[in-house]
Amino acid sequence: APGRPRKPGKLPATATAAAAESAERSARLRRSIGVLMARSKKSIPHYYLSTTIDLRAATAWLQSANAQRSIAERVVPAALLLQATALAARDIPELNGFYADDAFPPSSAVHLGVALALRQGGLVAPAIHDADSLSLDDLMAGLRDLVGRARSGRL
């Protein structure tokens, strides 16, 4: 009843039902993403490249730049790698595209998928759109936003 205090730790029935519905919707979404990612892994050609990159200069620069920033404005090393990836995808369009109708049309748009582990388990890969046109600070802000929304179930 309005104005009457509730017991600590108890949620109203409507809030409990809404939370359960939200959790179920998130679980369905994660299952759907998993099915689609597994299907794409089977039906779309993949290839992998690897190399060793000396990041000492980049990490030294990052450490120096972060020393001048507040904790909330600091940049993580992943943001540097994302920016390098975005610029490389823009500069080498043959590596940036998608398969459609048995062909690989390169894309002029660079949308980076970022794999994020969820606290309750699972993995999602939301995208930072037009990543090649973002400054490092804007890219970091986009990464913070995606991580926050993914982990709170608000993607």
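The values are calculated or read from the model by the stated rules, or taken from the named source; none is laboratory data. Model, not experiment: these values are computed from the prediction. Every residue, glycine among them, receives a Cβ derived from its backbone with ideal geometry; neighbour counts consider all protein chains shown. Quick note on the areas: whole protein, heavy atoms, side chains included, nothing else; ligands and nucleic acids left out. Shrake-Rupley method; radii C 1.70, N 1.55, O 1.52, S 1.80 Å.
Values as computed for the structure displayed
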{"item": "³J(HN,Hα) computed for each position of segment 22-34 - Karplus, 6.51 cos²θ - 1.76 cosθ + 1.60, integer Hz, glycine/proline x", "result": "5, 5, 5, 4, 4, 5, 5, 4, 4, 4, 4, 4, x"}
{"item": "Stokes-Einstein translational diffusion, the chain - Kirkwood Rh over all Cα pairs, 0.890 mPa s, 25 °C, in µm²/s", "result": "129"}
{"item": "Derived scalar couplings ³J(HN,Hα) [segment 81-86; Karplus, 6.51 cos²θ - 1.76 cosθ + 1.60; whole Hz; x for Gly, Pro]", "result": "5, 5, 5, 4, 5, 4"}
{"item": "Rounded to the nearest 20 debye, dipole of segment 54-152 from Cβ charges on Lys, Arg, Asp, Glu", "result": "640"}
{"item": "Estimated [θ] at 222 nm from DSSP helical runs (n ≥ 4, -39500 (n - 2.57)) normalised by residues in the chain, nearest 500", "result": "-16000 deg cm²/dmol"}
{"item": "Stretchable slack from Leu155 to Lys42, in nm (0.36 nm times residue separation minus alpha-carbon distance)", "result": "38.1 nm"}
{"item": "5 angstrom amide H check on Asp130, placed H, neighbours 5+ away", "result": "Val110, His111, Leu112"}
{"item": "Environment charge of Asp138, counting only residues whose C-beta is closer than 13 Å and scoring Lys/Arg +1, Asp/Glu -1", "result": "-4"}
{"item": "Vicinal HN-Hα couplings computed from phi for segment 41-54 (Karplus, 6.51 cos²θ - 1.76 cosθ + 1.60; Hz; Gly/Pro x)", "result": "5, 7, 9, 10, x, 10, 9, 10, 10, 9, 7, 9, 10, 7"}
{"item": "Average accessible area per residue (Å²) across segment 12-130 - probe 1.4 Å, nucleic acids and ligands excluded", "result": "74"}
{"item": "Charge context of Ala89, other residues only, Cβ under 12 angstrom, K/R +1, D/E -1", "result": "-3"}
{"item": "Unit charges at the beta carbon, dipole of segment 54-152: most positive-side option, Ala125, Thr59, Leu95", "result": "Thr59"}
{"item": "FRET efficiency estimate (nearest 0.05) - Cβ-Cβ, Glu21 to Leu87, R0 30 angstrom", "result": "0.10"}
{"item": "At most 12 other Cβ within 10 Å, DSSP loop - chymotrypsin sites (Phe, Trp or Tyr not before Pro), segment 8-97", "result": "Tyr47, Tyr48"}
{"item": "Residue with peak Gaussian network fluctuation, the chain [Cα springs, cutoff 10 Å], from Ser40, Ser108, Ser70", "result": "Ser70"}
{"item": "Cα centroid separation, segment 26-42 to segment 86-155 (Å)", "result": "17"}
